[in-house]
1. Mind pulling the angle between the C-alpha long axis of helix 27-37 and the longest principal axis of the chain? Nearest 10 degrees, somewhere in 0 to 90.
2. Hey, got the dipole for segment 10-140? About the Cα centre, +1 on K and R Cβ, -1 on D and E Cβ, debye to the nearest 20?
3. Number of Lys-Lys pairs in segment 1-95 under 20 Å by Cα, sequence gap 8 or more or different chains?
4. Pairs of alpha-carbon atoms within less than 8 angstrom and 6+ residues apart define the contacts here; what relative contact order does the chain have, in percent?
5. So what's the net charge close to residue 122: Lys and Arg +1, Asp and Glu -1, counting the other residues with Cβ under 11 Å from its Cβ?
6. Taking a quarter of the surface of the convex hull around the Cα atoms of segment 44-142, what do you get in nm²?
7. Regarding segment 27-100, what are the three Cα extents along the principal axes, ordered largest first, in Å?
8. May I ask for the net charge around residue 19, where only other residues with Cβ less than 15 Å from the Cβ of residue 19 are counted and Lys, Arg are +1 while Asp, Glu are -1?
Amino acid sequence: MTEIPNSINFKEITIGYSKKFTVKITSKMLEDFATLSGDYNPLHMDSEYAEKTQFKKQVCHGMLLTSFFSRLIGMYIPGKNALYFSQTVNFRSPCFVEDIVTVTGEVTEKRDTTKMITVKTEIHNQNNICLVNGIGKVLVRD
């Protein structure tokens, strides 16, 4: 990736500041994530097995999806000045191979005393169904 992270500082961040990006979920992503995480659950890795479940096809690892929050914070909100402090995660709906997901973040709170921002984080699929949401806390280093 040759993209350069944003470099906004704490003073430049405003309530309502938001960024989003899209990603197409591929089988290779699931394979790479399984290699990194060690999670080879057949629901994620075996299409024949997954077809026999209530989902009828392979389900993307939930933590693979949430890893895009790291990109959101580290590259966009605020970018290079970020130090991720915490992240809540609510898994709402399954994600499947070939889904196109939109990852969104919006600053909802800003604490001058701690230089901490609160970011509402969400991931929706191409049908605008919420797959994952939560709240990120980010220390902004200047």
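Every number in this text was worked out from the coordinates using simple rules, so none of it is lab data. All values reported here derive from a predicted model rather than from experimental measurement. A quick note on method: Cβ atoms are made from the backbone with ideal geometry, for glycine too, and the neighbour counts reach across all protein chains shown.
1. Helix 27-37 sits at roughly 70 degrees to that axis.
2. Using only the charged Cβ atoms, the result is roughly 540 debye.
3. Final tally of qualifying lysine pairs is 8.
4. Relative CO of the chain lands at 30 percent.
5. With Lys, Arg at +1 and Asp, Glu at -1, the neighbours total +2.
6. For the Cα atoms of segment 44-142, the hull's average projected area reads 6.6 nm².
7. Cα spread of segment 27-100 along its principal axes, largest to smallest: 45, 25, 20 Å.
8. Counting the neighbours of residue 19, the net charge comes to 0.
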